Amino acid sequence: MQNIISLKTICLFFFFVSASVFAKEEPKEGESDIKTEIKEYINHHLLDSHDFSLTSYTTESGEHKYIGFPLPVILWDNGLKVFSSSKLHHGESVAEVDGNYYKSFHGKIYKTDASGTINLDEHHHATNEKPLDFSITKNVFTIFLVGLLMFFMFSRMAKKYKTGSLPKGMGRFLEPIILYIRDDIAIPNIGVKKYKKYMPYLLTVFFFVWIINLLGLTPLGVNVTNNIAVTLALALITYFLTTFTANKNYWGHIFWMPGVPVPMKIILAPIELLGTIIKPFSLMIRLYANITAGHIVLMSIIGLMFIFKNWLGSSLSFGLAFALSLLELLVAALQAYIFTMLSALYFGSAVEEHHDDH
């Protein structure tokens, strides 16, 4: 925990110094006001991207320089098109591939001409043709990375248990958490007889969400659970596991609730069926909304450094952002716990054996 707090201090100090330096620059004529720029930056920060960008600066000649590394862009446009995202230069350049031209606009890649023309409708939405995008984006790369990290950690622990020895290093930190998920989440909610078949998923989803949320608090700008498509996928896995492993008692209580008059059964059946869909929907929204709100509030407080433009105001913003970031460390684990706990509750209701009195 001390290492995590130290890392957060370094990350916030990085933002603090950057804000203090750039806040000294006078806005040029024709530029939008600083509040609008902060809003645009926060919106940009929440989006997925085709590269990792740690920071950027503007040279005296007006050229934007970015510090980070590109990722592969994979498009299907009458054939497979693969190239580096460095060709797009964060949407400032046009990439030419096999005689076709592509440009990044608000995080999405559109087909364009040599001059990079993007046609907009009355709602300022791009109307250019958009090829199928299978790129390894920042979020996709992070998911792969976390997956490999978890496989490495838990495979080493499994080998230690097979040899009869206790885990060492990271395994000593992970073992109490695993036992807690088993003894305080899985067994009480699912039952001693049937909890084992759900343990792999419960452990996977807990550590995946937790690690991803922690990475979202670093300057890497990773916002995986801030993407509603990711939380939807996690919620759907919980939904399908609940649906396809449920016993007849579970479905009997949904479609023909015992001990209830027949007219009420007809009324309650569609409501109960709708409830099975609302449960995973609430899982999706809860995780997405909490993580998104945390990022917006934290980035807004950091943005105050640009508004104050003095060491006193920036120092106060830094202190508040640091306190909030410590709270975000708790939220990162809490959201993983809530998602795992609710999933276990749904699994338990699906396999519970009911003994009704007639």
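The values are calculated or read from the model by the stated rules, or taken from the named source; none is laboratory data. Just so it is clear, the structure is predicted and the values come from calculations on it, not from any experiment. A quick note on method: Cβ atoms are made from the backbone with ideal geometry, for glycine too, and the neighbour counts reach across all protein chains shown.
Some notes on this structure:
- Single match in Lys65, Lys111, Lys87, Lys39 (criterion: charged (D, E, K, R) and modelled with pLDDT of 90 or more): Lys111
- Matching option when the condition is polar (S, T, N, Q), surrounded by 14 or more Cβ atoms within 10 Å (Cβ to Cβ), in a helix (DSSP H, G or I) and not assigned by TED's automatic domain parsing to the domain that holds Tyr66, among Thr225, Thr204: Thr204
- Hey, Leu220 under 27 Å from the mean Cα position of the chain (by Cα) and part of a helix (DSSP H, G or I) or not: no
- Odd one out for Asp77 among (1) at pLDDT 75 or above; (2) surrounded by fewer than 15 Cβ atoms within 10 Å (Cβ to Cβ): (2)
- Unmet requirement for Asn213, which otherwise passes all of (1) closer than 16 Å to Arg286 by Cβ; (2) outside any helix (DSSP H, G or I): (2)
- Residue in segment 11-33 that is surrounded by fewer than 18 Cβ atoms within 10 Å (Cβ to Cβ), modelled with pLDDT of 70 or more and not assigned by TED's automatic domain parsing to the domain that holds Phe318 present: yes
Conditions (1) under 27 Å from Thr292 (Cβ atoms); (2) not charged (D, E, K, R), marked per residue:
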position	(1), (2)
Ile143	yes, yes
Val146	yes, yes
Met153	no, yes
Arg172	no, no
Ile178	no, yes
Thr238	yes, yes
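- Any hit, segment 153-168, residues being of a type in the set (Ser, Thr, Tyr) and either crowded, with 17+ Cβ neighbours inside 10 Å or in contact with a helix residue (DSSP H, G or I) (Cβ under 6 Å, 6 or more places away or on another chain) (or both): no
- Thr231 being under 30 Å from Ser49 (Cβ atoms), part of a helix (DSSP H, G or I) and in contact with a Ser or Thr (Cβ under 7 Å, 6 or more places away or on another chain): yes
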